[in-house]
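See below for the structure under consideration.
The values are calculated or read from the model by the stated rules, or taken from the named source; none is laboratory data. Remember, predicted model here, so these are calculated numbers, not experimental data. Here the Cβ is made from the backbone with ideal geometry for all residues, glycine too, and neighbour counts use every protein chain on show. Please note that ligands, DNA and RNA were not included when accessible areas were found on the heavy atoms of the full protein model with its side chains. Shrake-Rupley method; radii C 1.70, N 1.55, O 1.52, S 1.80 Å.
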Amino acid sequence: KTISGKIETVLYTKSKESLVRHPGENASKYITSFLSSNSETMNNDDPDGNIRYMGKDPNNYVLFNNELWRIIGVFDVASTYGGPTEKRLKIVRNESIGSYSWDNKPSGVGSSTSEYGSNDWTDSALMEVLNNGAYWNRTSGTCPSGSNGATISCDFSTTGLTEEAKELVGNTVWNIGEPPSTQNTSESYYEYERGTSVLSGHKTYWVGKIGLMYPSDYGYATSGGTTTNRESCLAKELYSWSNSSYSDCYNNNYLFKNIYQWVLTSISSGSFYSVTIFRSTSYNIDNRVDRSNGIFPALYLKQNVYITGGEGTQDNPYTLTISY
């Protein structure tokens with residue numbers, strides 16, 4: 001006799017809780033499946049059709065590193081430069097880990113040519129903290145703060161990445177194209193971020209694990225409101241959202257935190273300016289990289305990460321595991 005069947009392997013925790021509740025469906029596919037039925041809180045209208053969450057408080061909470069993070073969306077990214085792309089979840093920490101400089105290396109150190117540091121993310125002081133330093137190693141240390149290499153004490157012994165969290169994070173090719181100014185709409189930011197316009201000597205990409213959100217991530221996260229709808233918000237330069245006529249654009253945006261916060265993108269018109277999202281006015285300008293602003297780490301989960309439970313709400317966030 002011939003017997004055929006299907007064997008399903010499911011991992012369990014010590015408490016016998018199943019670690020795979022959506023067998024055969026990874027996190028990217030799971031989130032993608034909600035797009036057609038969640039038009040008020042999800043969209044795919046950027047130039048490459050990436051799926052994103054939007055609105056004041058969508059159900060995109062995820063438990064990562066034993067903390068609340070938010071799912072920005074599902075993106076086609078590569079793990080090596082020139083390598084194949086795959087759909088992966090991009091997430092960002094819901095709260096800041098502190099206020100630090102984007103970079104502040106003294107002149108002559110690395111790519112810095114001034115006491116204010118350099119806006120080249122590939123060797124920025126903040127990048128080192130997030131990917132090799134105290135935050136990555138879940139320990140205490142020093143973080144950049146002020147000009148000419150100044151530092152302050154920073155303690156990530158309870159907020160840095162755990163070993164379990166690191167297992168979920170994938171190496172990613174981050175686009176770091178640089179717009180010539182901050183007078184850009186969400187779409188033009190998106191194009192510049194993925195473009196080849198950079199300051200002489202800078203690269204157009206960086207391969208790493210922990211970065212920051214892009215200005216375009218911030219822009220596309222708005223749903224607009226009754227006075228100014230989403231279409232009008234996306235048609236307006238982000239810096240113009242400071243106008244009271246466009247308050248719907250940032251008030252209905254879960255990535256707006258009402259504090260000064262750094263994003264990943266630099267400005268090609270100078271060697272020590274990057275983009276800041278301002279508090280209250282939501283105004284984004286070219287800001288000197290040695291100044292201290294809020295840091296919200298962002299990352300791409302590995303392609304083989306699964307959602308194991310939860311509803312995406314703040315009280316019941318999605319939970320994650322990795323499948324081998």
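Protection proxy ranking, highest mean first, for peptides 193-202, 103-112: 103-112, 193-202, where packing is the per-residue count of other beta-carbon atoms within 10 Å, averaged.
Solvent exposure of region 81-146, expressed per residue, is 38 Å² of accessible area, with all protein chains present and a 1.4 angstrom probe. To put it simply, the accessible area of the chain at a 1.4 Å probe is 45 percent carbon and sulfur.
Going by a ≥ b ≥ c, the root eigenvalues of the Cα gyration tensor, does region 62-174 fall in the rounded group (a/c under 1.5), the prolate group (a/b larger than b/c) or the oblate group? Each step should come with its number before you reach the end.
Values: a/c = 2.34, a/b = 1.35, b/c = 1.74.
Verdict is oblate for region 62-174.
Apply 1/(1 + (r/R0)^6) to the Cβ-Cβ distance of Asn304 and Glu187, taking R0 = 45 Å, and write down the FRET efficiency to the nearest 0.05. Efficiency for this residue pair is about 0.90. For the chain, the equivalent ellipsoid built from the Cα gyration tensor has semi-axes of 33, 24, 18 Å, listed from largest to smallest.
Just from its helices, what would the mean residue ellipticity at 222 nm be for the chain, if runs of 4 or more DSSP H residues each count -39500 (n - 2.57) and the sum is divided by every residue, rounded to the nearest 500 deg cm²/dmol?
-3000 deg cm²/dmol
Summarising the overall dimensions of region 158-201 from its C-alpha atoms, the Rg and Dmax are 15.7, 40 angstrom. Computed over the chain, relative contact order equals 23 percent, with contacts defined as Cα pairs under 8 Å that lie 6+ residues apart.
Projected label points at Asp57 and Thr142, each 7 Å from Cα along the beta carbon direction, are separated by 4.1 nanometres.
Taking 15 Å as the cut-off, the amide N atoms of region 48-74 that come nearer than this to a point 7 Å along the Cα-to-beta-carbon line of Thr319 belong to 62-68. Per-residue accessible area (protein heavy atoms, 1.4 Å probe) orders Arg93, Arg88 as Arg93, Arg88, starting from the largest. Of the peptides 44-54, 156-166, the ranking by mean beta-carbon count within 10 Å, highest at the top, reads 44-54, 156-166.
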